[in-house]
1. Using 7 Å Cα-to-Cβ label points, what is the Glu110/Ser174 separation (nm, one decimal)?
2. Find how much the distance from Val24 to Glu281 grows on full extension, using 0.36 nm per residue of separation minus their present alpha carbon separation; answer in nm with one decimal.
3. Averaging the inverse of every distinct alpha carbon separation and then flipping it gives the Kirkwood radius. What is it for the range 220-307, in angstrom units?
4. Place a point 7 Å from Cα of Val129 in the direction of its Cβ. Which residues in the range 182-198 have their backbone N less than 15 Å from it?
5. Place the peptides 295-301, 127-133 in order of packing, highest mean first, counting for every residue the other Cβ atoms within 10 Å and averaging per peptide.
6. Under 1.5 on a/c is rounded, so check that first for the chain, then, if it is not, pick prolate when a/b is larger than b/c and oblate when it is not; a ≥ b ≥ c are the square roots of the alpha carbon gyration tensor eigenvalues.
7. Would you order Leu44, Leu258 from fewest to most other beta-carbon atoms within 10 Å of each residue's own beta-carbon?
8. What net charge do the residues around Leu191 carry, taking every other residue with its C-beta under 12 Å from that of Leu191, with Lys and Arg at +1 and Asp and Glu at -1?
Amino acid sequence: MGRQTWRWVTDGGIETDLIFNHGVDLPEFAAYPLVWSDDGRDLLRRYYAAYAGIAAAAGASLRLETPTWRANPDWGAQLGHDRTALSEANRESVTMLHGLAEEWRGQVPEIEVTGTVGPRGDGYAPGPVVDPDEAADYHQAQVRAFAEAGAAGVAALTLTDAGEAIGVVRAADSYSLPVAVSFTVETDGRLVDGTPLAEAIDRVEEAAPPAYFMVNCAHPTHLLPGLSGLGERAGRIHGLRSNASTQTHAELDEAEELDAGDLGLLVSTHRELEGLLPALEVVGGCCGTDARHVAALWGVEPGSGPA
């Protein structure tokens, strides 16, 4: 196993990268409004181009995931965006990434555009227990926008509750879109509400099996304890988008400066995870990571990407 079996490069921590490394103001950590301006789309193009460069250097395929983690009704309302505006943002995000895929297709073996869904609540803190049917109804409009714009699938990132994960899968199933369910874990490898990762996977598998599972927004050292007892379930985890920092979510939430972490530690502990995840094929980053981190995980030099 290892890098030779990986298939997909995906991006890093788009919000933290843009805020801390590029000085971009993203109220409520929302990147989706960038698609509404020429300057914003140009910034996004440069951001994704770095990962296209990594894929080209690694001879790997590229998964372009939309900047729509916050483009749902509750978070959109805090920015003054109604459901019509959010649907437009979700569709436009997919359309923009399809344009980049066409532009770069000759330089990268394969490119796929995936719509990103985030949690209704705070991805760092536990909330009320989520009813799967209510979650399916809540996320339906965003998934519908992705389907209308021609997304190849859905990536549900930073989920903290199995019920919400089930709801997202049901919403995606209604539009025949494959979905990757990605949970966030704390430093003990459990979901933020204390649920063991194995238990969360079992609950989702029983109710609404996704295409596969991922883990994101956690340092590899945090996930390692959660892999004990997974057994055959480890083969259902196909993707990792790790944090650069070993800090807790509470510490990261209060941070005023970016913790870009120890790159050597990130790579070495990621290698430990790789040996425990036989089906790993999607590798990118999350909070605090940028193209340097993802390039190091893939064992290539970071570059500027396609012209």
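FYI, it's all coordinate maths here, none of it is from the lab. Everything numeric in this text was worked out from a predicted model, so none of it was measured. A quick note on method: Cβ atoms are made from the backbone with ideal geometry, for glycine too, and the neighbour counts reach across all protein chains shown.
1. 3.0
2. Working: separation 257, 0.36 × 257 = 92.52 nm, distance 3.10 nm.
Contour length minus Cα-Cα distance gives 89.4 nm.
3. Working: mean 1/r = 0.0716 Å⁻¹.
Roughly 14.0 Å, rounded to one decimal.
4. The answer is 193-196, whose backbone nitrogens lie closer than 15 Å to the label point.
5. Values: 295-301: 18.7, 127-133: 14.6.
Taking the mean over residues of other Cβ atoms within 10 Å, the ranking is 295-301, 127-133.
6. Values: a/c = 1.28, a/b = 1.02, b/c = 1.25.
Cα axes put the chain in the rounded bin.
7. Numbers: Leu44 22, Leu258 18.
Going from least to most buried by this count: Leu258, Leu44.
8. -4
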